[in-house]
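Here is the structure we will look at.
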Amino acid sequence: MELLAIPQEPQKDVAQPSVNIGTEPEEGKDEARLLLRFAAPRDPVIVADWVSFNVIDTERQDWARGWAKLKAYVERVGNARVPYGHREGATPLGQWVAEQRRAYGAGQMTGLRARRLEKLGMVWSLADERFQENLEAAKAYYDEHWTLCAPRSATMLDRPIGQWLSNLRRPGALEGHPEWETALEEVDEDWSPDWSAEWQRHYAAVREMLVEESVSAYVEPGVTVHGMDVGRWLAKQRQHAAWQALTDGQRERLEQLGVRPLPPEQEAPAKPSKGASDAFARGVAALAQYKDRTGSVTVPRAHVERLEDGTEVKLGVFLSNAKARRAKLTADKLQQLAELGLEWAA
């Protein structure tokens, strides 16, 4: 086999060893040309590439050289996003990659070349690539805030995700990219609502708070989430006039949480201080009873404690709300909680 691979000349008694095939490597690079020295160990991937390019599906030498430079770049850097001005040795690789994208977009590239480039991780559309990178940041933001209606100043994973989402909500921004819109809806179906983004942010916070209890009365004014007073916001939504001003979609979402508008006779804030004080006293009594029985003040959020008079207190919700609004509790209320063993109230 070694002799078959060497061009034979007449009148030669001794076969010469295999010659190097291809151009010499650049200075400092490893020798990789002895592809037909069958007795020597060779990387099968290198052999397969050489046979494919030079025997089976031959390519122009200049295109094959560009492909080889891109392959070396990907192996070194880890991706095929070559800056336009980048050069690999004497080869203007960035310009070569840009030309491949142009040919692909114009339908002037063969399927074989496209597949060869895609195996190296070629990205045909930089816009699609940037979208995917921002989408990952959007998913991280949703995991933390439960909505994609981020303020414009919001950042996530070192990306200005708030401004990016705001730009995509503009009319016509997704024209020609239905797959982008589908990807965003898979993260948050209300990422671009028909109502204000601020309303959506408050709703998302309330939705997460009520996911276990579905009892709106326990999200009291003063309860804040991500700096938003969701308790006060929810109380406003239940007012008759505000409820009527909501769209059908907004009312539907609130009703799914068990939120209903207040009857007209309950709209006037009738001396809430005494009721609030009684509710706090019941919460403290429930916590003391729970501690006496279990020896702990760590209460599951969904736990309901029944007092001796038969009153049921959603103790887990009470403690969650109290902790969220501890900055607004009076000193004596904080002292009562601290005496029961709540460190955050001390």
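No lab work stands behind these numbers, since they all come straight from the coordinates. These numbers come from a predicted model, not from an experiment. Cβ sites come from the backbone with ideal geometry, for glycine too, and all protein chains shown count toward neighbours.
Based on the mean of other Cβ atoms within 10 Å per residue, sort peptides 108-120, 192-204, 308-320 so the most packed one is first. Could you put the intermediate results ahead of the total?
Details: 108-120: 13.7, 192-204: 18.3, 308-320: 16.8.
Highest mean packing first, the order is 192-204, 308-320, 108-120.
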In nanometres, the difference between 0.36 nm per residue of separation and the alpha-carbon distance of THR294 and ALA346 is 16.6 nm
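Just to confirm the filter: which chymotrypsin sites (Phe, Trp or Tyr not before Pro) across the range 59-153 are DSSP coil and have at most 15 other Cβ within 10 angstrom of their Cβ?
Numbers: sites: TRP63, TRP67, TYR73, TYR84, TRP96, TYR104, TRP124, PHE131, TYR141, TYR142, TRP146; in loops: TYR84, TRP124, TRP146.
Sites meeting the loop and neighbour criteria: TYR84, TRP124.
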Using alpha-carbon positions, the gyration tensor of the range 273-346 gives root eigenvalues a ≥ b ≥ c; with a/c under 1.5 called rounded, otherwise prolate if a/b exceeds b/c, else oblate, the class is oblate
If each K or R counts +1 and each D or E counts -1, the residues other than GLU189 whose Cβ falls under 12 Å of its Cβ total -4
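Students often check this: by mean Cβ neighbours within 10 Å, which of 133-140, 86-93 ranks highest, and how do the rest follow? Could the numbers behind the result be given before it?
Details: 133-140: 17.4, 86-93: 15.5.
The densest-packed peptide leads the list: 133-140, 86-93.
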Flagged as over-length at 29 Å C-alpha distance, from LYS236/LYS328; LYS236/LYS333; LYS236/LYS314; LYS71/LYS139; LYS291/LYS323, the pairs are LYS71/LYS139
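Going by the alpha-carbon gyration tensor, a ≥ b ≥ c the square roots of its eigenvalues, is the range 88-161 rounded (a/c under 1.5) or, if a/c is not under 1.5, prolate (a/b greater than b/c) versus oblate?
Details: a/c = 3.31, a/b = 2.50, b/c = 1.32.
Note, shape of the range 88-161 comes out prolate.
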Computed for the range 135-208: size of charge dipole around the Cα centre, +1 on C-beta of each Lys and Arg, -1 on C-beta of each Asp and Glu, debye to nearest 20, value 360
